[in-house]
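Trainee: Dropping a structure here in structure tokens format, bear with me for questions.
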Amino acid sequence: MTPGLIVRRLLALLRSRRLDSELEDEMRAHLELAERDAMASGLSPTEARRAARQAFGSIERIREDHRDKRSVRWMETFVKDLRYGLLLLRRDPGFAFVAIAVMAIGIGANTAMFSLMDAALLKPLPFPEPERIVRVLEAPTPTRRNGLSTLNFEDWKRLSKSFEALAGLRGLSATLTGHGDPVRFDGVLVSADYFEVFGVKAALGRTFRPGEDQPGAGRVVVLSHAAWQTKFGGDPGILNRDIVLDGESHQVIGIVPRGSFGRDEATFWKPLVFAPDQRTRDYHWFGGVGRLRRGVTLEQARQELNALSAGLAPLQPEWKKDWRAGVDPFVDGLVNDSLRQSIFVTFGAVMMVLLIAAANIANLMLAKGVTRRQEMAIRAALGASRGRLVAQVLIESLILCLLGGAAGVALAYWLITAAVPLLSISLPQTAAVTLDGRVLAFAVVASVAVAMLVGTLPSLQLSSGRLTSVLNLATRGGSSSREGVRRTIVVAEVAVSLVLICGAVLMFKSLLKLQGVDAGVRLDRVITTSIDLPFLAYPDAERASRFIAEVAERVRAIPGVESAAVSTDVPLQGVRQGQGITVPGVTESQGTRFKRIDPNYFATLDIPVLVGRGFTDHDRVGAPRVAIVNETLARSLATKFKLSDPAQVVGRIVKTGNPMYENRGQSGAVTDIEIIGMIRNERVNDLEAPTPDVLYVPLLQSPRREIKLIVRTANEPTASMPSIREAVRQVDSSLPLGDVRTMEQVKRLNMSAKTEPAWIIGIFAAIAVLLAALGLYGVLSHAVNQRRREIGIRMALGAGAGDVLSYIMKNAAWMVLLGLAIGVAGALALTRVMRTLLFEVSAMDPLAFAVAAFAMTIVGLVAALVPASRASRVDPVKALRSEG
Amino acid sequence: MSNPKTEVPYGTLDLVILKTLDTMGAMHGYSMARRIEQVAGNLLRLSQGSIYPALIRLEQQRWIRTQWGISETNRRVKIYSLTAAGARQLRVEVENWERATALVNRFLEAKS
């Protein structure tokens, strides 16, 4: 068949009615002419008519043949079934509404979840040949990773042949001025070939040229599309404009296309320039990304860099002679195992919701099928093949599911716009969650799959043998096998719902445990914010120290402020810097997190000093170096010092580097430092992992440009924010504050990776339970309607309302209990996959299972109560009379 | 059964219709059926109506075209005529037919 012919045949399908009527006209004319000729040859009118008909042949067969020849037969019946299906839906809008709504929930949840999973895990990174992009870091051991030191990076870059481009990068929080109030503008310092690594080209202007990251090159920046739009109003003349970052004027040389790094965020890129005094090997202060040359494998690149590192070993400081290079797929750094796990588990949960939704629709269709059986039986008796009837049922379910799917996509769109911004902090930066073609394709495939699943059950009931027997039954005849199928479906729904509730209860229990973990710091009435001092205005430690002291003093003077502290890091948000410390006589150094705090830090956050003293204003530049350890570090050092009591490390002297002010790529001189105190552990990273070794040093002895302000107030802390802003402004009016968060918000943020999946699974478990209850309700109330007569007879024979009630309830309880038994078995098997998501809760926690089973039972019995009480109110006289 | 009639040989109704239109020019369905019966004499058993499904197919193939006309009984009827593509198709089909009969004839005439 030529394409043209196919098109004409499909068109014939649409013009079916007209072609039919044209044929009728032609046949009528034909018969008239034949009659006329026959009469002319001497036949009577009656004889002539008969002769004409006889010569013509069977009109009905010609009609059929005409339709067959002119178009595609199955398409024609398909269109007919489609019309019929739509008609049926219009006739029963209540059924249509419920089925479509149930389907919309199932498909909506799945589509939204799929788009999230697609963006975070499945879709390739938005760069050309993303598999060639790698992350390059230093590796103290084959599995650990550390930041890069300038000289090692430069040597690797110069000597290696594996990379097409290799770039360093480091985050930067700058102050943007010149547009009203100064604002914070987060960007990245990058080597000139950074954009080559990602294969990103400028949409406007250009990206960096080679050499633009060398000392003395002009100050230039590249903006993201979002930054151009939001910070500079999409100014078309942006390339002729200079912008002021940290008090220095920068020329905007280019804008990269929207979405070129995935999710479009307002950011800028500025050359990462190595100053002469940053060219060291012992200070690790930036990360690296590279693009492998075509044909070079990850393993080859790894081996090459490791060989290079081994060769460079003699140049390294003693303590890192064994360090090698770490080359890992770029994507590994974006998605960690716990995120992957959460997404898989959540996706599994919404798949179960979809299954339950499908079961519900199948159930509804079966219930409806009872009323349709007669129609089907008649059609079968008139010669419709079983295949035709099955096709019709399938098409009906297809209509329902596609309509439901369309509504589901709308729901998914709403979910994505409403919920994803809340989740995006947990997603990789490149993940742009959108309803794109892939997601729509998923929605269509899922809808069709459900339609097939849903349509199969009712169509299995259409075995022709059984159908003919229907004709003999009275209208009342609900067959027990159909009832059996519906009960099985309800049992399955209860079982799957139970698995979901178990999962949700486990997550919430784990969340409660996590919530209950003592952070080791005061959480209420404490507010935090950050300040980044620009290097231009604060070029040395002295000026920074003066600023810090002055701000702290002014904030403390604000009425309602109880205490104020300055530090480099806020509890629960990690400690940016690490340092090794050495104990005399022990060669192996002790890794620590290196946190710089002012004298008020412990008091503000209610962290008790267990042994020794805290810092004072006298611990400043020029005074002997002092440090405080947390309990974990005290224990680690006690082992090194061979002391029995960790408290005894107080008073000991260790050695560690003193980082210079500003990241000048140097650890600073390694000097003696005295441990003057031990504090109770505070949670520096998160609530789950054990607290790492932390070394606290006076901020005033080792100042830093990026600082946090931690303020404890007498009342609601956010109320003090305006005065705090004002206090900072009075010291330096050009400094914007960073994100403002109360400690409670910090804690919530910290737990979000656990909270979000718990809520998502919880919500879906609730939906699943409601759907299962709906299924139970449907089956029971149908059964009650079908058995009015039976119930009537029972009552006439002396059964009381209570007997009937308990009869129906027993019926329901049986289904629920069977579902629970299967569900518990399923849950035992399935909740194991969430083990890594749980915190101090066993995946087989008996209490959680009991709570879940109890909740399911209650909901199930409530759903059963309505039809049961209706049954108990059946009037025997009426029931018996109505269906004589 | 006094005179044995045969059905239209499979696949040849198209050829018969095309040839009829080629010889007779434009005509409507009834006169086409009559003409085919006439030519076939008593040899053919044709349900007259069966030409209509064949006609719609030929039309979809663009081998014949239709116009609306008025019948002798004053009814609207479709008048069919051959298209250029139809004339080409007729030549092809005639050739095929001749080749097929020639082949079969050889077998029939072959001596042992």
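Trainee: Cβ contacts < 8 Å: first residue facing another protein chain (nearest Cβ under 8 Å) and part of a helix (DSSP H, G or I), restricted to segment B:27-41; second residue among the β-branched types (Val, Ile, Thr) and surrounded by fewer than 22 Cβ atoms within 10 Å (Cβ to Cβ), any location; separation 6+ or different chain. Result?
Mentor: The qualifying pairs do not exist here.
Trainee: Right, next: When the residues of segment A:337-348 are narrowed to those that are within 13 Å of the chain's Cα centre (by Cα) and either at pLDDT 90 or above or not hydroxyl-bearing (Ser, Thr, Tyr) (or both), which ends up surrounded by the fewest Cβ atoms within 10 Å (Cβ to Cβ)?
Mentor: Among those that are within 13 Å of the chain's Cα centre (by Cα) and either at pLDDT 90 or above or not hydroxyl-bearing (Ser, Thr, Tyr) (or both), it is A:340.
Trainee: For segment A:732-742, state whether one or more residues are part of a helix (DSSP H, G or I), in contact (Cβ under 8 Å) with a residue 24 or more places away in the chain and out of contact with any Lys or Arg (no Cβ under 6 Å at 6 or more places or on another chain).
Mentor: no
Trainee: Which residues, taken from segment B:58-73, are in a helix (DSSP H, G or I) and touching a residue at least 40 places away in the same chain (Cβ under 8 Å)?
Mentor: Within segment B:58-73, B:58 is the sole residue that qualifies.
Trainee: Please identify the pairs in which a residue from segment A:9-29 that is in contact (Cβ under 8 Å) with a residue 24 or more places away in the chain has its Cβ atom under 6 Å from the Cβ atom of a residue that is outside any helix (DSSP H, G or I), counting only partners at least 6 apart or on another chain.
Mentor: Close Cβ pairs (under 6 Å, with a partner that is outside any helix (DSSP H, G or I)) amount to A:9/A:71; A:9/A:72; A:12/A:71; A:13/A:71.
Trainee: Listed residues A:712, A:705; which is crowded, with 18+ Cβ neighbours inside 10 Å, of a type in the set (Lys, Arg) and in contact with a Ser or Thr (Cβ under 6 Å, 6 or more places away or on another chain)?
Mentor: Numbers: A:705 fails: in contact with a Ser or Thr (Cβ under 6 Å, 6 or more places away or on another chain).
Step by step, each of A:712, A:705 is checked, and only A:712 is crowded, with 18+ Cβ neighbours inside 10 Å, of a type in the set (Lys, Arg) and in contact with a Ser or Thr (Cβ under 6 Å, 6 or more places away or on another chain).
Trainee: Specify which of the listed residues (A:824, A:816) is of a type in the set (Val, Ile, Thr), over 32 Å from the mean Cα position of the chain (by Cα) and surrounded by 15 or more Cβ atoms within 10 Å (Cβ to Cβ).
Mentor: Being of a type in the set (Val, Ile, Thr), over 32 Å from the mean Cα position of the chain (by Cα) and surrounded by 15 or more Cβ atoms within 10 Å (Cβ to Cβ) holds for just one of A:824, A:816, which is A:816.
Trainee: Scan A:55, A:119, A:112 and give me the residue that is farther than 30 Å from residue A:431 by Cβ and either part of a helix (DSSP H, G or I) or modelled with pLDDT under 85 (or both).
Mentor: After applying the criteria, what remains is A:55.
Trainee: Kindly evaluate residue A:90 against the criterion of being within 14 Å of chain B (Cβ to nearest Cβ), assigned to a helix (DSSP H, G or I), farther than 30 Å from residue A:351 by Cβ and out of contact with any helix residue (DSSP H, G or I) (no Cβ under 7 Å at 6 or more places or on another chain).
Mentor: So residue A:90 does not fit the description; no.
Trainee: Restricting attention to segment B:72-82, which residues are at negative phi, within 12 Å of chain A (Cβ to nearest Cβ), surrounded by fewer than 21 Cβ atoms within 10 Å (Cβ to Cβ) and not basic (Lys, Arg)?
Mentor: Passing the criteria: B:72, B:73, B:79.
Trainee: Listed residues A:652, A:613, A:620; which is within 28 Å of residue A:712 (Cβ to Cβ) and surrounded by 15 or more Cβ atoms within 10 Å (Cβ to Cβ)?
Mentor: When all the criteria are applied, what remains is A:620.
Trainee: Go through segment A:1-22 and give me each residue that's surrounded by 13 or more Cβ atoms within 10 Å (Cβ to Cβ), at the interface with chain B (Cβ under 9 Å from one of its Cβ atoms) and either over 60 Å from the mean Cα position of the chain (by Cα) or not charged (D, E, K, R) (or both).
Mentor: Matches in segment A:1-22: A:5, A:12, A:19.
Trainee: Right, next: Within the group A:100, A:107, which residue is in contact with a Ser or Thr (Cβ under 8 Å, 6 or more places away or on another chain), closer than 25 Å to residue A:363 by Cβ, away from every other protein chain (no Cβ under 14 Å) and part of a helix (DSSP H, G or I)?
Mentor: A:107
Trainee: So, in segment A:723-744, exactly how many residues are small (Gly, Ala, Ser) and either within 16 Å of residue A:537 (Cβ to Cβ) or in contact with a Ser or Thr (Cβ under 6 Å, 6 or more places away or on another chain) (or both)? So that I can check it myself, show each step before the final result.
Mentor: Taking segment A:723-744 and keeping what is small (Gly, Ala, Ser), we get A:723, A:727, A:733-734, A:738.
Retained after the next criterion (residues that are either within 16 Å of residue A:537 (Cβ to Cβ) or in contact with a Ser or Thr (Cβ under 6 Å, 6 or more places away or on another chain) (or both)): A:733-734, A:738.
Residues flagged as small (Gly, Ala, Ser) and either within 16 Å of residue A:537 (Cβ to Cβ) or in contact with a Ser or Thr (Cβ under 6 Å, 6 or more places away or on another chain) (or both) within segment A:723-744 amount to 3.
Trainee: Might you let me know whether segment A:23-32 holds any residue that is within 9 Å of chain B (Cβ to nearest Cβ), surrounded by 14 or more Cβ atoms within 10 Å (Cβ to Cβ), of a type in the set (Asp, Glu) and touching a helix residue (DSSP H, G or I) at 6+ places or on another chain (Cβ under 7 Å)?
Mentor: Among the residues of segment A:23-32, at least one is within 9 Å of chain B (Cβ to nearest Cβ), surrounded by 14 or more Cβ atoms within 10 Å (Cβ to Cβ), of a type in the set (Asp, Glu) and touching a helix residue (DSSP H, G or I) at 6+ places or on another chain (Cβ under 7 Å), which makes the answer yes.
Trainee: Closer than 30 Å to residue B:62 by Cβ, modelled with pLDDT of 80 or more and within 11 Å of chain B (Cβ to nearest Cβ) - does that describe any residue in segment A:36-44?
Mentor: No - not one qualifying residue is present in segment A:36-44.
Residues are listed down the side, and each one gets a yes or a no for (1) assigned to a helix (DSSP H, G or I); (2) buried (at least 21 other Cβ atoms within 10 Å of the Cβ):
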position	(1), (2)
A:831	yes, yes
A:841	no, yes
A:848	yes, yes
A:854	yes, no
A:877	yes, no
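Trainee: Restrict the check to segment A:769-784 and report whether at least one residue is at pLDDT 90 or above, under 32 Å from the mean Cα position of the chain (by Cα) and surrounded by fewer than 21 Cβ atoms within 10 Å (Cβ to Cβ). Break it down stepwise before answering.
Mentor: Start the filter on segment A:769-784 by keeping residues that are at pLDDT 90 or above, which leaves none.
Scanning segment A:769-784 turns up no residue that is at pLDDT 90 or above, under 32 Å from the mean Cα position of the chain (by Cα) and surrounded by fewer than 21 Cβ atoms within 10 Å (Cβ to Cβ).
Trainee: Return yes when residue A:302 is surrounded by fewer than 17 Cβ atoms within 10 Å (Cβ to Cβ) and not small (Gly, Ala, Ser) and no when it is not. Working first, answer last.
Mentor: Numbers: surrounded by fewer than 17 Cβ atoms within 10 Å (Cβ to Cβ): no; not small (Gly, Ala, Ser): yes.
So residue A:302 does not fit the description; no.
Trainee: To continue, here is another question. Filter segment B:51-71 down to the residues that are more than 19 Å from residue B:34 (Cβ to Cβ), out of contact with any His (no Cβ under 8 Å at 6 or more places or on another chain) and facing another protein chain (nearest Cβ under 10 Å), then identify the one that is surrounded by the fewest Cβ atoms within 10 Å (Cβ to Cβ).
Mentor: Taking the candidates together, the pick is B:68.
Trainee: Same structure, new question: Tally the residues that are part of a helix (DSSP H, G or I) and within 17 Å of the chain's Cα centre (by Cα), restricting the search to segment A:422-439.
Mentor: Keep residues of segment A:422-439 that are part of a helix (DSSP H, G or I), which gives A:422-426, A:437-439.
Adding the requirement that they be within 17 Å of the chain's Cα centre (by Cα) leaves A:422-426, A:438-439.
Residues meeting the conditions: 7.
Trainee: Name, by its number, the condition in (1) farther than 28 Å from residue A:591 by Cβ; (2) in a strand (DSSP E or B) that does not hold for residue A:172.
Mentor: Condition (1) is where residue A:172 drops out.
Trainee: Could I ask something else about it? Just to check your reading of the model, which residue among A:168, A:94, A:106, A:147 is at pLDDT 90 or above and surrounded by fewer than 20 Cβ atoms within 10 Å (Cβ to Cβ)?
Mentor: Matching residue, one of A:168, A:94, A:106, A:147: A:147.
Trainee: Could you list all residues from segment A:538-584 that are more than 35 Å from the chain's Cα centre (by Cα), surrounded by fewer than 16 Cβ atoms within 10 Å (Cβ to Cβ) and farther than 21 Å from residue A:714 by Cα?
Mentor: Hits for segment A:538-584 are A:539, A:540, A:542, A:543, A:546, A:550, A:584.
Trainee: Quick check on residue A:804: is it surrounded by 14 or more Cβ atoms within 10 Å (Cβ to Cβ), assigned to a helix (DSSP H, G or I) and within 40 Å of the chain's Cα centre (by Cα)?
Mentor: no
Trainee: Would you tally the residues in segment A:29-49 being within 24 Å of residue B:78 (Cα to Cα) and out of contact with any strand residue (DSSP E or B) (no Cβ under 9 Å at 6 or more places or on another chain)?
Mentor: Result for segment A:29-49: 11.
The values are calculated or read from the model by the stated rules, or taken from the named source; none is laboratory data. The shown structure was predicted, so the numbers you read here are calculated from the model rather than taken from an experiment. Virtual Cβ from ideal backbone geometry, glycine too; neighbours counted across all protein chains shown.
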